Amino acid sequence: MKEIIDAVSRAAIRIKKTIEFGDTGYSSHINKTGDTQLKLDIASDLIIEEEFSKVTSIKSIISEEKEEAKTLHENGKYIVGYDPLDGSSLVDVNLAVGSIFAVYEKEANANSIVAAIYVVYGPRTEMVAAIDDVKLYRLDENGSFKEVKTIKLNEKGKLNATGATQKGWTPYHKKLIDEIFAEGYRLRYSGGMVPDLHQILLKGGGLFSYPATTDTPKGKLRLLFEVFPFAFVFEKALGAAVDGKKRILDLHASHIHDTSPCFFGSHEEIKKVLNEYAKH
Ligand code: P6P
């Protein structure tokens, strides 16, 4: 696993430079989920593929920016699903973005995930790796990622990151969110999944929700390279992740671009979600 983390570190340093000085315009390509790809998306995907090509333990890669899975090393042990630059459209307004990686063994699905890694490109470049526990690393002035601390969530937090267009929320989802705010939680939502979840993890807890809505009845976030990896991170950080009724890591993706409603947070907040959603 260390060689995969090292490859992510090398890719992150290259992607950071591409974000700072690259072309933020749109390409002429549309990816499998119908998003028009930014040149940054394509550049980041190529950088990651190049760095992963040097890692013989990686059998194949599944990228949000690629149509199909790609084999790298026939005798490799791991399948890596990744979103090369999640929230890339936020670069244009100088907000933080991130790369997300899920490491799978036998098959690319929740029951086979063995590690999750993400990188946040913000005022500082940080990487979080979840294997047995969740470790935070920060890029230093010498271009090396140095371990900072182990991340653990409290039973209850203070932040509420409320995703999706409110017009499309179900009445019971709105009731849940309003009740949490009425308890004094603070709204923290940038539209970037990686920094929004990173903030909850580093501030000790809260709730991030991207529910089913009228315009996204199956949610928007992708199981293989967004939802499963963050569910793994939150559970290893002593939190939880559900789809409203079930544990995320008990779900099964039948297609590489499948999405799901998702809630990530501390145990207290996830209990509130399950209690409210159980009534509908
Ligand atoms: P909305 C970015 O496009 C993204 O995929 C995630 O990073 C983010 O959490 C979500 O979409 C934001 O979606 O509908 O709330 O703007």
(request) Please work out which one of (1) under 21 Å from Leu85 (Cα atoms); (2) out of contact with any Phe, Trp or Tyr (no Cβ under 8 Å at 6 or more places or on another chain); (3) of a type in the set (Asp, Glu) is the condition Asp196 fails and give its number. (result) (2)
(request) Find the helices (runs of 4 or more DSSP H) located wholly in the stretch 185-280 whose residues include 1 or more that are closer than 19 Å to Ala108 by Cα, and list them. (result) 228-236
(message) So, in the stretch 66-119, how many residues would count as being among the hydrophobic types (A, V, I, L, M, F, W, C) and touching a Ser or Thr at 6+ places or on another chain (Cβ under 9 Å)?
(response) 13
(request) Could you look through the stretch 18-52, keep only residues that are polar (S, T, N, Q) and free of Cβ contacts under 8 Å to residues at least 24 places away in the same chain, and pick out the one that is farthest from the ligand (Cβ to nearest atom)? (result) Ser28
(request) Within the stretch 67-84, identify whether any single residue is among the hydroxyl-bearing types (Ser, Thr, Tyr) and more than 18 Å from Phe225 (Cα to Cα), and answer yes or no. (result) no
(message) Kindly evaluate Lys149 against the criterion of being modelled with pLDDT of 95 or more and part of a strand (DSSP E or B).
(response) yes
(request) Scan the stretch 231-240 residue by residue and report those that are buried (at least 23 other Cβ atoms within 10 Å of the Cβ) and free of Cβ contacts under 8 Å to residues at least 40 places away in the same chain. (result) Ala240
(message) I need a count of the residues in the stretch 89-104 that are touching a Phe, Trp or Tyr at 6+ places or on another chain (Cβ under 7 Å) and either without any contact (Cβ under 8 Å) to a residue 24 or more places away in the chain or within 14 Å of Phe232 (Cα to Cα) (or both).
(response) 5
(request) Answer yes if at least one residue in the stretch 77-92 is within 12 Å of Ala11 (Cβ to Cβ), within 16 Å of the ligand (Cβ to nearest atom), buried (at least 19 other Cβ atoms within 10 Å of the Cβ) and of a type in the set (A, V, I, L, M), and no otherwise. (result) yes
(message) Being of a type outside the set (Lys, Arg) and under 19 Å from the mean Cα position of the chain (by Cα) narrows it down to one residue among Leu90, Leu72; which is it?
(response) Leu90
(request) Look at the stretch 152-180 and say how many of its residues are assigned to a loop (DSSP other than H, G, I, E, B) and either buried (at least 21 other Cβ atoms within 10 Å of the Cβ) or touching a residue at least 60 places away in the same chain (Cβ under 8 Å) (or both). (result) 8
(request) Go through Gly205, Gly219 for me and flag whichever is over 13 Å from the mean Cα position of the chain (by Cα) and more than 12 Å from the ligand (Cβ to nearest atom). (result) Gly205
(message) Against the condition modelled with pLDDT of 95 or more and in contact with a Cys (Cβ under 9 Å, 6 or more places away or on another chain), how does Val242 come out, does it pass?
(response) yes
(message) Out of everything in the stretch 53-66 that is more than 16 Å from the ligand (Cβ to nearest atom) and within 19 Å of the chain's Cα centre (by Cα), what residue ends up being farthest from Arg222 (Cα to Cα)?
(response) Ile61
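The values are calculated or read from the model by the stated rules, or taken from the named source; none is laboratory data. Bear in mind that the values here come from a model prediction, so they are computed numbers and not experimental data. Glycine also receives a Cβ, built like all others from the backbone with ideal geometry; neighbour counts cover every protein chain displayed.
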